[in-house]
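Asker: Please read through the structure below; I'll follow up with questions.
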Amino acid sequence: MSGINLVPKIRIESRERRIRTRFWISVGIAYTIVVASVSGAGYSYRQDDQARVCKAIDDTEASARKESQRLEDAIAQLKQAEAKLNLLREIGDQPDWSLLLDYLARIKGDRVVLRGVRVDPLEAHDPKSKETAANSTRTQDVYVLELDGAGLAPTDVTGFVLKLEKSGIFQRVTLNGTSRSMVQNTSASTFTITCELRG
């Protein structure tokens, strides 16, 4: 026995169209969600990747700056050594005391004042050295530098002496003594320093 469909054909077709429409809408929504999820994951991945690249660049630049600073420090030390060597050569080959005076003016700083500078051969400074000059080469081309000056504080004087010793120019540096006195209406530590210099 065959059934009889009492629903009009046009209503059946309309219902089928609605079903197909809902189906494709559901498919479209699902596809959109999947695409959005994939795109979001890709965007997040690109952000993380860019952050890692930026950090690597920053680390490289920081390392390069450190190495550049080390190189600049080494070049500065080399220039100081060259200047000291040139000064020693100039004084040793043909004494040019203006070079020495200029060097003293640069290392004494603002808290030390030189009131007197005198350079004599060792024989003239130490008469006893004449007795051994014939049998010794110690006094040959040796000069004695006498410095008379003042520092604002005792530590300024000792600091100046240390700079003279570390200069590498003098064979011996001797602080003969210090005393407190008034210098230009200011209490200061006066001093006398003797330095031996081989010409």
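The values are calculated or read from the model by the stated rules, or taken from the named source; none is laboratory data. Since this is a predicted model, take the numbers as computed values, not measurements. Neighbour counts are summed over all protein chains in view; Cβ atoms, including those assigned to glycine, are modelled from backbone coordinates with ideal geometry. The area values use the complete protein model at the heavy-atom level, side chains included, leaving out ligands, DNA and RNA. Shrake-Rupley method; radii C 1.70, N 1.55, O 1.52, S 1.80 Å.
Asker: I'm checking my understanding of the structure. Among residues of region 161-190 that are among the hydrophobic types (A, V, I, L, M, F, W, C) and touching a Phe, Trp or Tyr at 6+ places or on another chain (Cβ under 8 Å), which one is most open to solvent (accessible area, probe 1.4 Å)?
Answerer: The extreme case among them is LEU175.
Asker: Check GLU16 against each of (1) part of a helix (DSSP H, G or I); (2) open to solvent by 70 Å² or more (accessible area, probe 1.4 Å); (3) modelled with pLDDT under 70 and name the one condition it does not meet.
Answerer: (3)
Asker: Can we say ARG138 is out of contact with any His (no Cβ under 8 Å at 6 or more places or on another chain), at pLDDT below 85 and in a loop (DSSP other than H, G, I, E, B)?
Answerer: Spelling it out, ARG138 is indeed out of contact with any His (no Cβ under 8 Å at 6 or more places or on another chain), at pLDDT below 85 and in a loop (DSSP other than H, G, I, E, B).
Asker: Hey, could you check region 164-199 for residues that are among the aliphatic types (A, V, I, L, M) and part of a strand (DSSP E or B) and say which is nearest to ASP141 (Cα to Cα)?
Answerer: Out of the qualifying residues, it is LEU197.
Asker: Name the one entry in LEU145, LEU152 that is surrounded by 12 or more Cβ atoms within 10 Å (Cβ to Cβ), within 26 Å of ASN185 (Cβ to Cβ) and modelled with pLDDT under 95.
Answerer: That would be LEU152, the only listed residue that is surrounded by 12 or more Cβ atoms within 10 Å (Cβ to Cβ), within 26 Å of ASN185 (Cβ to Cβ) and modelled with pLDDT under 95.
Asker: Do the conditions hold for GLY116, that is, is it at pLDDT 90 or above, under 18 Å from THR194 (Cβ atoms) and surrounded by 15 or more Cβ atoms within 10 Å (Cβ to Cβ)?
Answerer: Taking the combined requirement at face value, the residue does not satisfy it.
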